[in-house]
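Please read the structure below before turning to the comments.
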Amino acid sequence: MTIGGSTVARELVSLHAWPTPAPRIAAAERTARLTKARALTEAAGATAILIGAGPSLRYFTGLPWHATERLVALLLPVTGQPILICPRFEQGSLEAGLEIDADLRLWEEDESPYALVADAVAGRLLFDPQLPYGMASALAATGLALGDGGSVVDTCRMIKSPAELALLTQAKAMTLEVQRRAARILHPGIAASTVIRFIDEAHRAIGASGSYFCAVQFGRATAFPHGLPGDQRLEEDQLVLIDTGCQVEGYHSDITRTYAFGNVGDEARAIWDVEHAAQAAAFAAVRPGVPCEAVDAAARAVLEKAGLGPDYRLPGLPHRTGHGIGLSIHEPAYLVRGDRTPLAPGMCFSNEPMIVVPDRFGIRLEDHFHVTETGAAWFTEPQLSIDRPFD
């Protein structure tokens, strides 16, 4: 596949809405999620769990509501109807996005939503640890017996259903196509901001709500995992690193490609090959029952054999090999030393054992996989070579 040779206008006009959109999460699946959360809550010795605004609220209710200073939360009792705690003036908006049957407990601006929670709970209450500290403190001030509900939420969300895998597959395929188109518009002098803007518009053109995030790095900036401030311009014989993603029904993509724009030299090519081998070794280590940290160790073993590292030393891999992904772009579990969570079918991860050569360049290849009954399956096929980022 040729890098460069096209224009922003030419690529955008040729993009169309995604032809085979994955189905939305069905009502029966949301009911099953609530049933599982109830069982886990009861097993933890609690009578209810409180889940605040954000990805977990969307997971259980379908409601895409971001956290603010006002409490919007699902109160899920072990028995009885789910309860949505929300400001009265937001009732219409919340009801329009709610995809489960729930009782609404409304509060006015001069009332305490935490009192509503306390009145509805008889016994011990678990709460999602993603709830902001101030809200958790206000709950504690009511005198409720509280517990950490993180294991309930994580146990539900870590294992993706076939419907979730389909949405993740679509999101990643869309971003890979956008990455492919972005490579075609590159030319000497193009600004990183121009590429970022194109990637956002391209994501929109194929049916996403734009880019969820985007990092475009050239040359020396590739040595910094999350880039440098300022707007770079591409020069001949530089490395290009593009890391971007979108959302489909809230489910994330997150794909990185690193490739040569011209002659980048033998050292960069050799490091690219080590990175490619490390990514492959991590993938090969995946089996149900294997602890997450073993996947990280497999990638690092390749780097150490090549004289990089060890551990987090540079030149080498400065961060974990991968993260869980779903309704959050980073979510449990993590492919990192110390995370002994056993892999299980349906778990989804990034695979990105980046190599940094300090202050000179970095190589990150990032694709995602899901755990199967016998190993792992890629959502997107890894990059072929430093000169052939896509085909």
Quick one: is Gly219 small (Gly, Ala, Ser), outside the structural domain of His66 (by the TED database), surrounded by 15 or more Cβ atoms within 10 Å (Cβ to Cβ) and over 17 Å from the mean Cα position of the chain (by Cα)? yes
For Ala333, are the conditions met, namely being farther than 27 Å from Tyr212 by Cα, touching a residue at least 40 places away in the same chain (Cβ under 8 Å) and either in a helix (DSSP H, G or I) or not hydroxyl-bearing (Ser, Thr, Tyr) (or both)? no
Starting from residues that are part of a loop (DSSP other than H, G, I, E, B) and aliphatic (A, V, I, L, M), keep the ones in the range 105-135 and report whichever is surrounded by the fewest Cβ atoms within 10 Å (Cβ to Cβ). Ala122
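A quick yes/no check of all residues on (1) without any contact (Cβ under 8 Å) to a residue 24 or more places away in the chain; (2) over 14 Å from the mean Cα position of the chain (by Cα); (3) farther than 20 Å from Phe213 by Cα:
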| site | (1), (2), (3) |
| --- | --- |
| Thr256 | no, no, no |
| Val274 | no, yes, yes |
| Gln279 | no, yes, yes |
| Lys305 | yes, yes, yes |
| Gly309 | yes, yes, yes |
| Ser328 | no, no, no |
Conditions (1) surrounded by fewer than 22 Cβ atoms within 10 Å (Cβ to Cβ); (2) among the hydrophobic types (A, V, I, L, M, F, W, C); (3) without any contact (Cβ under 8 Å) to a residue 60 or more places away in the chain; (4) closer than 30 Å to Gly262 by Cα: number failed by Val195: (1)
Residue pairs, Cβ under 6 Å, 6 or more apart or interchain, first in the range 203-220 and modelled with pLDDT of 95 or more, second among the aromatic types (Phe, Trp, Tyr) and outside any strand (DSSP E or B). List them. Ile206/Trp18; Gly207/Trp18
Just wondering, is there one or more residues in the range 333-356 that are under 27 Å from Phe390 (Cα atoms) and out of contact with any strand residue (DSSP E or B) (no Cβ under 7 Å at 6 or more places or on another chain)? yes
Kindly establish whether Ala377 is in a strand (DSSP E or B), touching an Asp or Glu at 6+ places or on another chain (Cβ under 9 Å) and of a type in the set (A, V, I, L, M, F, W, C). no
Name the helices (runs of 4 or more DSSP H) wholly within the range 136-211 that hold at least 3 residues that are more than 27 Å from Ile51 (Cα to Cα)? 162-184, 192-205
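The values are calculated or read from the model by the stated rules, or taken from the named source; none is laboratory data. Note that the coordinates shown come from a computational prediction; the quantities given were computed from them, not determined experimentally. Note that we place each Cβ from the backbone using ideal geometry, even for glycine, and neighbour counts take in every protein chain shown.
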